[in-house]
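In what follows, a structure is listed as structure tokens, so that the remarks can point back to it.
The values are calculated or read from the model by the stated rules, or taken from the named source; none is laboratory data. Given the structure is predicted, the values throughout are model-derived calculations rather than measurements. Reconstructed Cβ throughout: ideal geometry from the backbone, glycine too, with neighbour counts over all protein chains shown. Accessible surface is based on the protein model in full, side chains and every heavy atom, while ligands, DNA and RNA are left aside. Shrake-Rupley method; radii C 1.70, N 1.55, O 1.52, S 1.80 Å.
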Amino acid sequence: MVPLVIAHRGDSAHRPENTLVSFQSALDVGADLVELDVQRTRDGHVVVLHDVTVDRTTDGNGKITDLTLAQVRALSAGYSERFGSQYAKEKVPTLADALDLLRGRTRVMIEIKKESVGTDDSDDGIEALTVEAVRRVRMAADVVLISFERRALLRCRARAPEIRRGQLFYRAEPEDVVSIAKEVETDLVMPEKGMLSEALRDKLREAGMKIATWVVDDPAELRDLTSFDLYGVGSNCPGILLDALWGRD
């Protein structure tokens with residue numbers, strides 16, 4: 001089985017992560033899916049950002065939950081530490097911006113970051129706002145909502161059972177992985193590559209579940225993982241993996 005290649009934060013080895021230019025590059029190289037991260041601003045907008053703060057990838061500083069959308073929009077998301085001034089005009093996109101670009105062109109994995117998950121399932125919470133954005137552009141069939149935070153996926157299941165879910169894991173026992181996946185009613189399990197084992201593969205196979213892992217940038221490493229029957233693999237270098245998988249020069 002040839003695994004699907006998931007562009008991790010877009011074509012993030014070659015463009016500033018989680019930006020429209022990174023997502024466009026992932027489309028250009030033919031990624032099967034584009035993965036992105038969402039956080040909630042102080043004034044209740046969903047933006048595409050991995051970290052708790054804007055410090056690493058923008059020219060600003062501070063926690064995303066302390067900033068308004070207008071303040072975030074004023075920043076450059078060009079990730080100058082890695083790319084200099086080449087992408088200085090890039091902005092932190094809203095989820096709506098990203099979906100508008102990707103709609104009809106690829107499938108999308110949206111990771112709900114646990115830092116934005118509130119104590120209650122409110123209509124202005126990250127889960128509700130994310131579901132609303134997906135439904136607004138009629139992409140329910142083309143989106144997978146993923147998270148390490150089980151509460152977030154349970155809320156998504158209740159609010160939008162029609163949108164597929166995927167449970168992320170960093171470290172867990174095979175039995176716990178299956179149990180949690182059943183609880184959130186998903187057949188897609190996404191363990192970090194260090195978790196992969198024959199025991200986990202066999203447990204998931206018995207449960208009828210698919211495995212997608214992350215992050216794999218080296219084709220040789222991907223070859224070493226073929227025995228785990230991967231459904232998908234997240235990569236910062238989707239073009240490189242696709243070239244290797246399909247024998248492209």
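The accessible area of HIS45, taken with all protein chains in place and a 1.4 Å probe, comes to roughly 80 Å².
Under 5 Å from the amide H of ARG103 lies no amide H of any residue 5 or more positions distant or on a separate chain, with H modelled from the backbone and absent for Pro and chain starts.
Counting other Cβ atoms within 10 Å, keep those with at most 15, restrict to DSSP loop, and tell me which trypsin sites (Lys or Arg not before Pro) in the stretch 144-184 are left.
Listed in order of number, the matching sites are ARG171.
Mean separation of Cα pairs under 8 Å and 6 or more residues apart, divided by the residue count, gives the stretch 13-151 a relative contact order of 25 percent.
Per DSSP helix of 4 or more residues, -39500 (n - 2.57); summed, then divided by the residues of the chain. What does that give at 222 nm, rounded to the nearest 500? Could you put the intermediate results ahead of the total?
Numbers: 10 runs with 82 residues, N = 249.
After summing the helix terms and dividing by the residues of the chain, the value is -9000 deg cm²/dmol.
Per-residue 3J(HN,Hα) values for the stretch 139-151, derived from phi via the Karplus relation 6.51 cos²θ - 1.76 cosθ + 1.60 with θ = phi - 60°, read 10, 4, 7, 10, 10, 10, 8, 10, 6, 6, 8, 4, 4 Hz in sequence order (x marks Gly and Pro). When the surface is traced with a 1.4 Å probe over the full set of protein chains, LEU242 keeps roughly 10 Å² accessible. According to the square roots a ≥ b ≥ c of the eigenvalues of the Cα gyration tensor, what is the shape class of the stretch 124-249, taking rounded for a/c under 1.5, prolate for a/b larger than b/c otherwise, and oblate for the remainder? Taking the square roots of the gyration eigenvalues as a ≥ b ≥ c, the stretch 124-249 is oblate.
Summing +1 for each Lys or Arg and -1 for each Asp or Glu, what net charge is found among the other residues whose Cβ lies under 12 Å from the Cβ of ALA74?
Taking every Cβ under 12 Å from that of ALA74, the sum is +1.
Accessible-area rank, largest first, for ILE112, ILE240: ILE240, ILE112, with all protein chains present and a 1.4 angstrom probe.
Just need the relative contact order of the stretch 115-208 here, percent rounded to a whole number, with Cα pairs under 8 Å and 6+ apart. Numbers along the way, then the final one.
Numbers: 115 pairs, mean separation 19.7, N = 94.
Reported as a whole number, the value is 21 percent.
Enter the accessible area per residue of the stretch 1-92 (Å², integer; probe 1.4 Å; all protein chains in place).
With the other protein chains kept in place, the stretch 1-92 gives 42 Å² per residue.
Applied to the stretch 157-164, the Karplus parametrisation 6.51 cos²θ - 1.76 cosθ + 1.60 on θ = phi - 60° returns per-residue 3J(HN,Hα) values of 4, 5, 7, 9, x, 7, 8, 5 Hz, with x for Gly and Pro.
Find the relative contact order for the chain and round it to a whole percent, using C-alpha pairs within less than 8 Å whose residues are 6+ positions apart.
Numbers: 533 pairs, mean separation 49.1, N = 249.
Result for the chain is 20 percent.
Each label point was placed 7 Å from the Cα along the Cα-to-Cβ direction; for GLU185 and LEU225 their separation is 2.9 nm. At most 16 other Cβ atoms within 10 Å plus a DSSP loop assignment makes a site exposed; report the longest stretch of the chain without any exposed GluC sites (Glu not before Pro). Here the longest segment lacking exposed loop sites spans 1-161. Taking every protein chain into account, the 1.4 Å probe leaves ARG9 with about 40 Å² of accessible area, to the nearest ten.
What the phi angles of the stretch 170-178 give under the Karplus curve with 6.51, -1.76 and 1.60, with θ = phi - 60°, is a coupling list of 9, 9, 6, 6, x, 5, 5, 4, 5 Hz, glycine and proline written as x.
Which value, in debye to the nearest 20, gives the size of the charge dipole of the stretch 83-221 about its Cα centre, when Lys and Arg are +1 and Asp and Glu are -1 at the Cβ?
About 460 debye.
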